[in-house]
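Novice: The structure is given below, and queries will be raised subsequently.
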Amino acid sequence: MTDADAVPAALSAMFGLTGKVALVTGGAVGMGKACGLVLAAAGATVVLADDADRIASLADLPGTVSLATIDITSPASVEQVVSDVAKAHGGIDILINGAVVNHNKPLLDIDAEEWDRVQAVNLKGAFLMIKAVIPHMRNRGGGRVINITTMGSVHPVLNGNGAYSASRAGLNQLTRNVALDFASDQITANAVLPGAIRTETINPDFRPTGPGADMTRHVGGFGVPEDVTGLVLLLASPAGRYISGQAIAVDGGFLIG
């Protein structure tokens, strides 16, 4: 083997995911979709799960990527999808909780039903997914749980982000508890905290206020979904086996301000 051959082989050993099965919620759009496609490029078999309308819009996906319709607020739907994926592919090794309701509204204008909906998708849904997937990871001898939250979960970023940031802060803490509770099963759990990432789920007419709206605090201004995929690949791959219980920001440096 030449030195030139050794580099790809070494990188494959560190970051290759051949033989692994990844399930991604919120997988039809934005960061969920971008992360799923990167895991597929690294060799994983990937299932992108999302609601029916978003799933129907997807096309031209790699052959190692399949689709599933899910309601992550429904225990029955979550259990069915997880069971189907595990049965079809022999198990589940990687879970990416990327499903999210982006929500911005003055706290005094939020009613209880609206608050509950944000928490149901952003926090309860991740709980249901983790609970359903962990037994399958145990059967595979380990696994990776990666929760996509936000920098706003650890620092006030935008006015009107109370319900959203509270749900993501809860998911950060759930991540730490999952890391603690399942370390002996060789299951890692980490949270990725994106910064000001532009996705198709963000209303282009939205004009935020608050420190997060100051683009001079972000290297390169707004980020794109692909900015988070390198970290997600690290956490999902052999190179990330010793990283667990962490909340890692990908925010263009906002949190140092």
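Novice: Given charges of +1 on the Cβ of Lys and Arg and -1 on the Cβ of Asp and Glu, with all other atoms neutral, how large is the dipole of segment 1-158 about its Cα centre, in debye to the nearest 20?
Specialist: It works out to roughly 480 debye.
Novice: Could you tally the net charge around A68, taking each other residue with its Cβ under 13 Å from the Cβ of A68, Lys/Arg +1 and Asp/Glu -1?
Specialist: Net charge in that neighbourhood comes out at -3.
Novice: Which lysines, if any, have their Cα less than 25 Å from the Cα of K87, not counting same-chain residues under 8 positions apart?
Specialist: By straight Cα distance, K87 reaches K20, K33, K124, K131.
Novice: Now, a different point. Can you work out D for segment 9-256 in µm² s⁻¹ from Stokes-Einstein, where Rh is the Kirkwood radius over C-alpha pairs, the temperature is 37 °C and the viscosity is 0.692 mPa s?
Specialist: 182
Novice: With angles folded into 0 to 90 degrees, how steeply does helix 30-41 sit against the dominant principal axis of the chain? Use alpha carbons for both and round to 10.
Specialist: Value to nearest ten degrees: 10.
Novice: So how much slack lies between I55 and L255, counting 0.36 nm per residue of separation and subtracting their Cα-Cα distance, in nm?
Specialist: 68.6 nm
Novice: I would also like to ask the following. So how do M151, M14 line up by other beta-carbon neighbours within 10 Å, fewest first?
Specialist: Final ranking by Cβ density, sparse to dense: M14, M151.
Novice: When only C-alpha pairs under 8 Å and at least 6 residues apart count, what is the relative contact order of segment 9-256, in percent?
Specialist: The value is 21 percent.
Novice: Please compute the net charge surrounding G27, taking Lys and Arg as +1 and Asp and Glu as -1 over other residues with Cβ under 13 Å from its Cβ.
Specialist: Summing Lys and Arg as +1 and Asp and Glu as -1 gives 0.
Novice: Same structure again: Quickly estimate the mean residue ellipticity at 222 nm for the chain, helices only: each DSSP H run with n ≥ 4 gives -39500 (n - 2.57), and the total goes over all residues, rounded to 500.
Specialist: -11500 deg cm²/dmol
Novice: Related question: From the residues V24, V250, A10, which one has its Cα farthest along the dipole of the chain in the positive direction, the dipole being from +1 and -1 charges on Cβ of Lys/Arg and Asp/Glu about the Cα centre?
Specialist: Farthest along the dipole direction, towards plus: A10.
Novice: Also, quick follow-up: Rank I146, I187, I110 by mean-square fluctuation in a GNM of the chain with C-alpha springs under 10 angstrom and give only the top-ranked residue.
Specialist: I110
Novice: Rank these for me by crowding, T229, T150, T175, going from fewest to most other beta carbons within 10 Å. Write down the numbers at each step before the final one.
Specialist: On the way: T229 21, T150 30, T175 26.
By the 10 Å Cβ count, ascending: T229, T175, T150.
Novice: Based on other C-beta atoms within 10 Å, arrange S57, S66 from fewest to most. The partial results should precede the final answer.
Specialist: On the way: S57 11, S66 15.
With the fewest neighbours first, S57, S66 line up as S57, S66.
Every number here is computed from the coordinates shown, using simple stated rules; none is lab data. Computed from a prediction, not measured in an experiment: that's the story for all the values here. Glycine gets a Cβ as well: all are built from the backbone with ideal geometry, and neighbour counts include every protein chain shown.
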